[in-house]
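Please read the structure below before turning to the comments.
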Amino acid sequence: MLTQDTAAPQPLAAISRRQQPQAMPTSAQIRAARGLLGWSQADLAQRAHLHPRTIERAERGAGITVRTLRAIAGALEAGGIEFLQNQNGLGVRLRRR
């Protein structure tokens, strides 16, 4: 006989608020990734759909939201960057093809 869980499902928003955020790239990782790709701040801003000043602030580590960091990380990852975080520290590399 199959039994059903009688607990009411939690709304998705309630679940996601309790989850730990994924590690966001540091300002140094953003600069290094951009350098590996040969992109200017304007190039990254265009690909992330952000203003170039936002990229400049992110690279200084000044007052950037998680949403903005996700947009930057997404654009860099789409360009072929892998963000590294391991026992050796933080870094970036081009994705192996």
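For the stretch 25-97, just say rounded, prolate or oblate: build the C-alpha gyration tensor, square-root its eigenvalues into a ≥ b ≥ c, call rounded for a/c under 1.5, and beyond that prolate if a/b exceeds b/c, oblate if not. Oblate, since a/c reaches 1.5 and b/c is not below a/b. Counting Lys and Arg as +1 and Asp and Glu as -1 over every other residue whose Cβ lies under 11 Å from the Cβ of Ile55, the net charge comes to +3. Database remark: amide H of Ile81 closer than 5 angstrom to the amide H of Arg95 (H placed geometrically; neighbours at sequence offset of 5 or more, or on other chains; Pro and chain starts carry no H).
Taking a point 7 Å from the Cα of Ala23 along the Cα-to-Cβ direction, the residues of the stretch 52-79 with backbone N closer than 19 Å to it are 59, 61, 66-67, 69-78. The string of couplings for the stretch 47-63 from the Karplus curve (6.51, -1.76, 1.60, θ = phi - 60°) is 5, 8, 6, 10, 7, x, 5, 5, 5, 4, 5, 4, 6, 8, x, 10, x Hz, one whole number per residue in order, with x for Gly and Pro.
No value in this document is a laboratory result; all are computed from the given coordinates. Only a predicted model underlies this, so the values are computations on that prediction, with no experimental measurement involved. Counting neighbours? That spans all protein chains shown, and the Cβs are built from the backbone with ideal geometry, glycine included.
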